[in-house]
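A quick write-up on the structure given underneath.
Just so it is clear, none of the values below were taken in a lab; they were calculated from the coordinates. As the structure is a computational prediction, the values presented were derived from the model and not from experiment. Positions of Cβ are generated from backbone atoms using ideal geometry, with glycine treated the same way; all protein chains shown enter the neighbour counts.
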Amino acid sequence: MTRNVHLLLIEDETILAKNIRAYLVRNGYEVRIAITAEVGLAELKAFKPDIILLDFNLPGMNGLEALPKIHPLDSQVKVIMMTGDAGIDLAGKAMYAGATDFVAIPFSFGDLRLKLEGVFINACREKSLS
């Protein structure tokens, strides 16, 4: 990757969040963790991430409820929804609500990294075309 990608990970499962963060930091990402959607939305303004990795199952506001609140705060950020309750219906709802992509838990860190890089590269192309 040519530059440090800023990623906001909104995930309430502490061990999973720390493991994802550790892997991505080793691979050149700058990662901040928020344990609720509400905290993540507040962090969005200060951190200005390129990508948000957003869990569906969160305490309080779930990921699907948070999605429409993200783009009014930052119209350029890309959101990847993740969940252990993967299904076509939820993936469709997430994409309709503004997610760029969807990933089912469990996933391999390598596959996640490839997905993140693809989303980042496409976002860079979009910026250069506009």
Report summary line: Under 13 Å by backbone N from the virtual spin label 7 Å along Cα-to-Cβ at LYS93, the residues of the stretch 42-79 are 56-58, 62-68
Requested in this report: Have a look at ALA91, ALA104, ALA46 and tell me which one the Gaussian network model of the chain (Cα, springs below 10 Å) gives the largest fluctuation.
Outcome: ALA46
Query raised in the report: In nm, what is the difference between 0.36 nm times the number of residues separating GLN76 and LYS127 and their Cα-Cα distance?
Result: 17.5 nm
Query - Whole-number Å³ per residue for the convex hull built on Cα positions in the chain - result: 101
Query raised in the report: If you stretched the chain out fully between ASP111 and ARG26, how much longer would it get, using 0.36 nm times the residue separation minus the C-alpha to C-alpha distance?
Result: 29.1 nm
